[in-house]
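We did not get these values from a lab; they are worked out from the coordinates using the rules stated. All figures in this text were calculated on a predicted structure; none of them were measured in a lab. Neighbour counts are summed over all protein chains in view; Cβ atoms, including those assigned to glycine, are modelled from backbone coordinates with ideal geometry.
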């Protein structure tokens with residue numbers, strides 16, 4: 001049961017325009033399946049296979065010659081030495097588009113290799129787990145509050161929806177595999193139990209301003225260790241640190257990032273929320289819904305090939321807005337509330353208008369499931385920035 005991905009058209013377009021394309025994203029978001037679906041006649045090789053990775057690292061030119069082009073190279077982070085040979089081949093046939101399509105699950109290490117070898121030769125896209133828009137289009141369903149709760153818990157990993165898997169078992173296997181393979185490869189983690197505790201403590205803080213020192217105290221490790229663990233989760237596209245918007249607002253602005261998990265199914269698994277009833281009665285519902293809304297904003301931008309220029313705003317006087325997206329010299333503001341029957345502009349948004357001034361605010365949108373306000377599935381149809 002193939003689920004159409006919104007980024008498909010953009011991948012085809014850029015593949016026809018550039019010599020190389022790099023698709024990054026967390027494990028199991030469907031990178032390999034999508035590329036095999038879009039380019040079934042391309043040669044394919046996975047560097048998940050140790051023998052292939054070793055050959056790519058040690059004999060890069062022979063590796064490329066033996067596979068030919070156009071070529072899909074999966075999980076290229078396992079052989080970063082290959083970037084240099086790809087550069088040479090591209091330069092020898094610079095007018096030939098679509099020579100290489102690469103995937104990777106570790107974005108920062110990939111970006112280093114790309115910046116050193118393939119600058120100006122490659123387009124970079126991000127693939128996330130399934131969005132609300134992709135799921136509603138596939139299942140032809142309305143995005144009601146009940147449906148949102150279900151998809152928050154199940155998350156968006158394609159395999160869960162394509163094969164109707166038990167999401168709890170899926171995420172149990174996902175976490176075990178992730179710790180055993182990717183994390184241990186990136187970090188020589190000896191304290192697996194502490195790392196598991198660390199991930200669960202992060203999960204209950206999704207949607208909140210992040211403090212490394214507080215987490216370090218609770219886990220019982222150094223701040224340096226927490227920093228390295230955070231970097232690994234960022235590199236692996238598991239979490240996102242949302243930066244504050246503080247342009248021209250000086251020292252009164254809170255400058256620590258807010259932390260979000262990029263898939264709410266994994267988030268709910270880590271805090272042991274397994275059903276809609278458990279979620280709707282959980283005190284973390286507001287923060288989890290905010291995490292879900294942030295994920296949809298980010299997916300929409302990335303599916304259009306746009307930069308993830310999203311911020312939050314909070315000052316020391318308590319004036320805040322959940323999400324802020326610049327659009328030229330104007331600002332689009334987004335406030336998340338799971339349930340709000342007032343039908344009025346939230347008080348914090350009224351205060352924010354006073355901070356920025358009406359002239360630079362292009363749009364204010366409340367993300368909610370309440371009928372009296374814009375429903376979540378209609379939210380971004382009114383904006384030329386993103387579509388939910």
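Fully extending the segment from residue 308 to residue 241, taken as 0.36 nm per residue of separation minus the present Cα-Cα distance, adds 23.0 nm.
Under a Gaussian network description of the chain, with springs only between Cα atoms under 10 Å, the residue in 315, 65, 263 that fluctuates furthest is 65. For helix 347-356, what angle does its Cα long axis make with the longest principal axis of the chain, in degrees from 0 to 90 and rounded to 10? Between helix and principal axis, roughly 70 degrees. Derived from the Cα gyration tensor, the three semi-axes of the equivalent ellipsoid of the stretch 221-319 are 24, 18, 17 Å, largest first.
Comparing the chain with the 2.2 N^0.38 Å rule of thumb, its C-alpha radius of gyration ratio is 1.02 (two decimals). Here the alpha carbons of the stretch 64-188 define both size measures, Rg and Dmax, at 18.9, 55 Å. Each label was represented as a point 7 Å from its Cα along the Cα-to-Cβ direction; for residue 280 and residue 54 these points are 5.6 nm apart.
Within the listed set 153, 352, 76, the residue fluctuating most in the Gaussian network model of the chain (springs between alpha-carbon atoms under 10 angstrom) is 352.
Model label sites at residue 255 and residue 112, defined 7 Å from Cα along the beta-carbon direction, differ in position by 2.6 nm. Over the chain, Cα pairs under 8 Å with separation of 6+ residues give a relative contact order of 15 percent.
Considering only beta bridges that DSSP places wholly inside the chain, some 40 percent are antiparallel.
Taking 7 Å steps out from each Cα toward its Cβ at residue 166 and residue 339 produces label points 3.0 nm apart. The simple Förster model, with R0 at 41 Å and r as the Cβ-Cβ distance, assigns residue 194 and residue 43 a FRET efficiency of 0.45.
If you wrap the Cα atoms of the stretch 159-211 in a convex hull and average its projected area over all directions, you get 5.0 nm². Annotation: extensible slack from residue 93 through residue 136 equals 11.3 nm (criterion: 0.36 nm per residue apart, minus Cα-Cα distance).
Relative to the longest principal axis of the Cα atoms of the chain, helix 82-92 runs at roughly 70 degrees.
Summary of packing: across the peptides 323-335, 269-281, the per-residue average of other C-beta atoms within 10 Å ranks them, highest first, as 323-335, 269-281.
Axis of helix 167-178 versus longest Cα principal axis of the chain: the two differ by about 50°, to the nearest ten degrees.
In the stretch 8-126, Rg over Rh equals 0.91, where Rg is the alpha-carbon radius of gyration and Rh the Kirkwood radius from pairwise Cα distances.
Highest mobility in the GNM of the chain, judged by mean-square fluctuation with C-alpha springs under 10 Å and restricted to 167, 93, 37, is found for 93.
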